[in-house]
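J.: Before I ask anything, here is the structure I am working with.
The values are calculated or read from the model by the stated rules, or taken from the named source; none is laboratory data. If you're wondering where the values come from, they're calculated on a predicted model, not measured in any experiment. Note: ideal-geometry Cβ built from the backbone for every residue, glycine included; neighbour counts use all protein chains shown.
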């Protein structure tokens, strides 16, 4: 899948150059770039048709019929589906078929203001770049994973990912810790972590770096 392939590339890049992207916003942008590249490599749609409506009618604003939007979007709220908002996701991959519904502000015909309908979303990704040695940071990771789990439990059409770039993992030649200070980011989350996806159950793909091998690691929560 393009998302998994893009995450794998990003984690390998991080091990090779851990100071390349200094903030989560830069990491988000890089992952979005990799997702678009992997979609193109797979001959999957990169853009999708958009159906735009105003939040309230305005006599001076009209939208055309042939509107398009990128499938890969950053910092998007997911909701608009008759349930509570699921908050923002760092990266959202919109569905590849049919028109995506967008709601714009009545004073700004190109200003999308409402959440994206969950039925229009294929993938949601949450990203953290933090030291796992700090318990408060691990708890933030666990809360993000749980948030994503609530999303996929309510909307099984969405595939959810959580990605951690663990700043406590020693990377030889770049950033070495004398003692092993890294911790498992999911150690405080409970007993629902699996090495394989369990068929028929909603789950979140949790990606990080194996501290021993420095290779990308995938697990499942749910």
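J.: Identify all residues within region 98-125 that are in contact with a helix residue (DSSP H, G or I) (Cβ under 9 Å, 6 or more places away or on another chain) and either assigned to a helix (DSSP H, G or I) or more than 25 Å from residue 39 (Cβ to Cβ) (or both); write none if there are none.
T.: 118
J.: Looking for whichever is out of contact with any helix residue (DSSP H, G or I) (no Cβ under 9 Å at 6 or more places or on another chain), within 17 Å of residue 129 (Cα to Cα) and at pLDDT 90 or above here; the options are 75, 24. Which one fits?
T.: 24
J.: Could you please find all residues in region 22-45 being free of Cβ contacts under 8 Å to residues at least 24 places away in the same chain and farther than 17 Å from residue 123 by Cα?
T.: Within region 22-45, 22, 25, 26, 43 meet the criteria.
J.: Let me ask something additional. Working only within region 183-215, note down all residues that are under 17 Å from residue 125 (Cβ atoms) and free of Cβ contacts under 8 Å to residues at least 24 places away in the same chain.
T.: Scanning region 183-215 gives a single hit, 197.
J.: Sticking with this structure for a sec: Of all residues being assigned to a helix (DSSP H, G or I) and surrounded by 17 or more Cβ atoms within 10 Å (Cβ to Cβ) in region 16-29, which is nearest to the chain's Cα centre (by Cα)? Just the residue, please.
T.: This residue is 28.
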